[in-house]
Amino acid sequence: MNRINKKLQEDHKLLSIYFTAGYPETDDTVSIIQELERNGIDFIEIGLPFSDPLADGPTIQESSTKALKSGMTTNKLFEQLSGIRQSVKIPLIIMGYFNPILQYGVEKFCKKCGETGIDGLIIPDLPVDVYNEEYRSIFEENGIQNIFLITPQTSEERIRFIDSVSDGFIYMVSTASVTGSTSGFSPETRKYFQRISEMKLQNPQVVGFGISDEETFNQATEFSKGAIIGSAFIKHLNHNGKNKISDFVKTIRPV
Amino acid sequence: MSYQANEKGYYGDFGGAFIPEMLYPNVEELRSQYLDIMKEESFQKEFKALLRDYVGRPTPLYYAERFSKKYGTKIYLKREDLCHTGAHKVNNTVGQILMAKRLGKDRIIAETGAGQHGVATATVCALMGIECIVYMGEIDIERQAPNVARMKMLGATVVPAKSGSRTLKDATNEAIRDWINNPLDTHYIIGSVVGPHPYPDMVARFQAIISEEIKIQLKEKENRENPDYVVACVGGGSNAAGAYFHYLDNPDVGIIAVEAAGKGIQSGESAATSALGKEGIIHGSKTLLMQTDDGQITEPYSISAGLDYPGVGPMHANLFRSGRGEFISITDKAAMDAGLELAKLEGIIPAIETSHALAIFEDRKFKKDDIVVINLSGRGDKDLSTYIDYFGL
């Protein structure tokens, strides 16, 4: 069984962290991954920086812009990650926009991910229908799981379709928003978590967007398998660099 | 083979809807209804009435005698510069505000570069009494103060886009983010034939009034509906899409698209997407766009703020790749000279965008009895300070 599905079977709520590759410093990528694993993070999303990240708020866009300015590229990311599986055991997912992947070559990208030990991809602007018709076989041949997003506005029919195409988990966007833009979940949002949970989908759900502390983590995982934190961690990196990651993790999951 | 969009919004290899799931309900709501709404008799009636009584259509098709004589061919100018607000942009915003009303939306967002589309959007929102928010790059706000003031006077809120390069592409990103954050009550009026399906097709259909009128007017003047060539400048490409629309599938009509070469195609400061772009995804559409080898979108340059978009509408990408369209790029200098020349020869001061289309005659020669229609997409009032600085007027 692959690393993502194995992790999803563990008997606790999963905490995942997103960070932008090459940020705060170009060569921080690997040490941040190692430090996150050491602090008990269950899986990691590595952001492939893009000049025009439509679904992200200012925090993540600024980290991408800075990473690109200091010379981060797709090739450099794969160089940094080569050999990562000698030290890191938890699932690793690359989250990136479609254009840089398209320019690298979708097949070449998936192959490289497979060789490197990347388990899955999240590509927000590759719609599930296009993936299903044009790219699914490439992903499957290389053992790469593609993770799809759903939102409070996604219809039940479409959620069922996404569930049928998915293998791994479904990324449940908490509110209709870009990343990093909410504080606390409304009763409507918690009802949405419950509604999705009651659909009994074949893939577990992991909640993202709007999670920044222990309280929002607990709310997000009340009805789901886990939660992903992005902007709040990037903000921590802004202030502390790659130091004190354990302090940040403790604010979410106290020892 | 047709050069129109197919039902999935593809023009050949280009188009589609590469959007995050957060946008899917908004875009799908529009996609599933736009054609039916546009077909409604009441919609067409209201749209045509506003184009006539408010925009001032039909715009004249004017035989430019002295300009023609200078270049030894028959040149007609389609006078979109005479539209209310000074450019063709308002054809689309009138159509989309009626669309928004029928979709039950009570909040409008738009992006703008030079401010022309922002003004055209603020105008129709004032007309309908609907809230209007215009995203504009922080740098463009500094460069285009008169248009910012116009939008404010029309009651719109102008929000500076402070991310990335702080210009048109970033304003578009910010507008898309707003739409993600406000999925229920908001309609996004995109200003060009760009973005995810159905926008390129919908905007082209609203601008198609341009070629619909050219056919009728040319018949009156020359007893033929079809010119030998139709010429338009292309940034995103909405005025061009409208001027070509009814001629796309007619091989008797040559299509000429004019892009901004800026300081020269190889200068590193250019906006000639067909020459410099590669296939990729920008703002939800697969098209040609200027980007690094790594797939990062680059910042284009042109003296004309309306042409410095790093992509091009998927219709035009297909016209280029298929060979159906002839693509010419014109430098800042050639465009500025052509703008001044038209002013002197015909008493018409064109927008600098349009001046690019007027500049092709120095190098591209036509036969004496060829009929060439140029879409005079906008007037030059907004560009006076650039003309003044450039020529030391």
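Among the listed residues A:Glu25, A:Glu79, A:Glu10, which satisfies the condition of being open to solvent by 10 Å² or more (accessible area, probe 1.4 Å), over 18 Å from A:Ile229 (Cα atoms) and in contact (Cβ under 8 Å) with a residue 60 or more places away in the chain? Steps first, answer last, please.
On the way: A:Glu79 fails: in contact (Cβ under 8 Å) with a residue 60 or more places away in the chain; A:Glu10 fails: in contact (Cβ under 8 Å) with a residue 60 or more places away in the chain.
Just one listed residue meets the conditions, A:Glu25.
Tell me, yes or no, whether segment A:96-117 has at least one residue that is under 17 Å from A:Thr29 (Cβ atoms), in contact (Cβ under 8 Å) with a residue 40 or more places away in the chain and touching a Leu at 6+ places or on another chain (Cβ under 9 Å). Looking for residues that are under 17 Å from A:Thr29 (Cβ atoms), in contact (Cβ under 8 Å) with a residue 40 or more places away in the chain and touching a Leu at 6+ places or on another chain (Cβ under 9 Å), one finds at least one in segment A:96-117, hence yes. Residues that are within 12 Å of chain B (Cβ to nearest Cβ) and under 22 Å from A:Ala220 (Cα atoms) within segment A:130-157 comprise A:Ile147, A:Phe148, A:Leu149, A:Ile150, A:Thr151, A:Pro152, A:Gln153, A:Thr154, A:Ser155, listed in sequence order.
Only residues that are farther than 18 Å from B:Arg143 by Cα and open to solvent by less than 50 Å² (accessible area, probe 1.4 Å) were counted across segment B:367-393, and they come to 9.
Is there a residue in segment B:212-224 that is buried (at least 24 other Cβ atoms within 10 Å of the Cβ) and over 27 Å from B:Gly277 (Cα atoms)? Checked against the condition, which is being buried (at least 24 other Cβ atoms within 10 Å of the Cβ) and over 27 Å from B:Gly277 (Cα atoms), segment B:212-224 yields at least one hit.
Scan segment A:112-129 for residues that are assigned to a helix (DSSP H, G or I) and either of a type outside the set (Lys, Arg) or crowded, with 24+ Cβ neighbours inside 10 Å (or both) and report the count. Qualifying residue count for the region: 6.
Answer yes or no as to whether A:Pro58 is surrounded by fewer than 22 Cβ atoms within 10 Å (Cβ to Cβ), closer than 25 Å to A:Val207 by Cα and at the interface with chain B (Cβ under 9 Å from one of its Cβ atoms). So A:Pro58 passes the test. Can B:Met22 be described as in contact (Cβ under 8 Å) with a residue 12 or more places away in the chain and within 14 Å of chain A (Cβ to nearest Cβ)? Here the answer is yes, as B:Met22 does meet what is asked. Can you confirm whether B:Ala343 is closer than 28 Å to B:Lys215 by Cβ and either surrounded by fewer than 24 Cβ atoms within 10 Å (Cβ to Cβ) or under 21 Å from the mean Cα position of the chain (by Cα) (or both)? No, not satisfied.
Among the criteria (1) without any contact (Cβ under 8 Å) to a residue 12 or more places away in the chain; (2) touching a Gly at 6+ places or on another chain (Cβ under 8 Å), the one A:Thr175 does not fulfil is (1). Those helices (runs of 4 or more DSSP H) of segment B:62-159 in which at least 1 residues are open to solvent by less than 10 Å² (accessible area, probe 1.4 Å) and without any contact (Cβ under 8 Å) to a residue 40 or more places away in the chain, considering only elements entirely within it, cover B:65-71, B:89-102, B:116-128, B:145-153. B:Ile374 meets each of the listed conditions (1) over 18 Å from the mean Cα position of the chain (by Cα); (2) in a strand (DSSP E or B) apart from (1). Going through segment A:24-49 one residue at a time, which ones are in contact with a Lys or Arg (Cβ under 8 Å, 6 or more places away or on another chain) and part of a helix (DSSP H, G or I)? Hits for segment A:24-49 are A:Thr26, A:Asp28, A:Ser31, A:Ile32, A:Glu35, A:Glu37.
Answer yes if at least one residue in segment B:187-194 is open to solvent by less than 10 Å² (accessible area, probe 1.4 Å), within 14 Å of chain A (Cβ to nearest Cβ), in contact with a Phe, Trp or Tyr (Cβ under 9 Å, 6 or more places away or on another chain) and in a strand (DSSP E or B), and no otherwise. Looking through segment B:187-194, at least one residue is open to solvent by less than 10 Å² (accessible area, probe 1.4 Å), within 14 Å of chain A (Cβ to nearest Cβ), in contact with a Phe, Trp or Tyr (Cβ under 9 Å, 6 or more places away or on another chain) and in a strand (DSSP E or B). Has segment A:158-176 got any residue that is among the charged types (D, E, K, R), in contact with a helix residue (DSSP H, G or I) (Cβ under 9 Å, 6 or more places away or on another chain) and within 14 Å of another protein chain (Cβ to nearest Cβ)? Among the residues of segment A:158-176, at least one is among the charged types (D, E, K, R), in contact with a helix residue (DSSP H, G or I) (Cβ under 9 Å, 6 or more places away or on another chain) and within 14 Å of another protein chain (Cβ to nearest Cβ), which makes the answer yes.
Restricting to segment B:291-322, what's the tally of residues that are within 11 Å of another protein chain (Cβ to nearest Cβ) and touching a Leu at 6+ places or on another chain (Cβ under 8 Å)? Step through it out loud before you land on a result.
So in segment B:291-322, the residues within 11 Å of another protein chain (Cβ to nearest Cβ) come out as B:291-299, B:310-311.
If we keep only those that are touching a Leu at 6+ places or on another chain (Cβ under 8 Å) as well, we get B:295-297, B:310-311.
Matching residues across segment B:291-322 total 5.
For segment B:327-337, the condition holds for no residue, the condition being that it is in contact with a Gly (Cβ under 7 Å, 6 or more places away or on another chain), over 29 Å from B:Lys215 (Cβ atoms) and at pLDDT below 95. Being within 24 Å of B:Lys286 (Cβ to Cβ), touching a helix residue (DSSP H, G or I) at 6+ places or on another chain (Cβ under 8 Å) and either away from chain A (no Cβ under 14 Å) or at pLDDT 95 or above (or both) narrows it down to one residue among B:Gly86, B:Gly56, B:Gly12, B:Gly95; which is it? Answer to the selection: B:Gly12. Within segment B:236-278, the set of residues being open to solvent by 20 Å² or more (accessible area, probe 1.4 Å) and within 14 Å of another protein chain (Cβ to nearest Cβ) comprises B:Lys278 only.
Count of segment B:174-185 residues, restricted to those that are in contact (Cβ under 8 Å) with a residue 24 or more places away in the chain and within 11 Å of chain A (Cβ to nearest Cβ), is 8. Of everything in segment B:279-299 that is open to solvent by 10 Å² or more (accessible area, probe 1.4 Å) and free of Cβ contacts under 8 Å to residues at least 40 places away in the same chain, the residue that is farthest from B:Thr331 (Cα to Cα) is B:Asp294.
Can you say whether A:Leu102 is among the aliphatic types (A, V, I, L, M), within 24 Å of B:Ala17 (Cβ to Cβ) and assigned to a loop (DSSP other than H, G, I, E, B), as far as the supplied structure shows? No: the conditions fail for A:Leu102. If a residue has to be surrounded by 24 or more Cβ atoms within 10 Å (Cβ to Cβ) and under 17 Å from A:Ile147 (Cα atoms) to count, how many in segment A:28-43 make the cut? Qualifying residue count, segment A:28-43: 1. As a summary of the residue check, B:Ser42 satisfies the conditions (1) in contact with a helix residue (DSSP H, G or I) (Cβ under 8 Å, 6 or more places away or on another chain); (2) part of a helix (DSSP H, G or I) except for the one numbered (1). Applying the condition of being part of a strand (DSSP E or B) and hydrophobic (A, V, I, L, M, F, W, C) to segment B:281-290 and asking which residue is farthest from the other protein chains (Cβ to nearest Cβ) yields B:Leu288. Residues in segment B:349-363 that are more than 11 Å from B:Thr73 (Cα to Cα) and either open to solvent by 10 Å² or more (accessible area, probe 1.4 Å) or in a helix (DSSP H, G or I) (or both): B:Ile349, B:Ile352, B:Glu353, B:Thr354, B:Ser355, B:His356, B:Ala357, B:Leu358, B:Ala359, B:Ile360, B:Glu362, B:Asp363. Residues B:Arg166, B:Arg205: which one is open to solvent by 30 Å² or more (accessible area, probe 1.4 Å), within 14 Å of chain A (Cβ to nearest Cβ) and either closer than 18 Å to B:Ala5 by Cα or in contact with a strand residue (DSSP E or B) (Cβ under 6 Å, 6 or more places away or on another chain) (or both)? Going through B:Arg166, B:Arg205 in turn, the sole match is B:Arg166.
The values are calculated or read from the model by the stated rules, or taken from the named source; none is laboratory data. In this text the structure is predicted, and so the values were computed from the model without any measurement. For neighbour counting, all protein chains shown are included, and Cβ atoms are generated from backbone atoms with ideal geometry for every residue, glycine included. All accessible areas refer to the heavy atoms of the entire protein, side chains included, with ligands and DNA or RNA removed. Shrake-Rupley method; radii C 1.70, N 1.55, O 1.52, S 1.80 Å.
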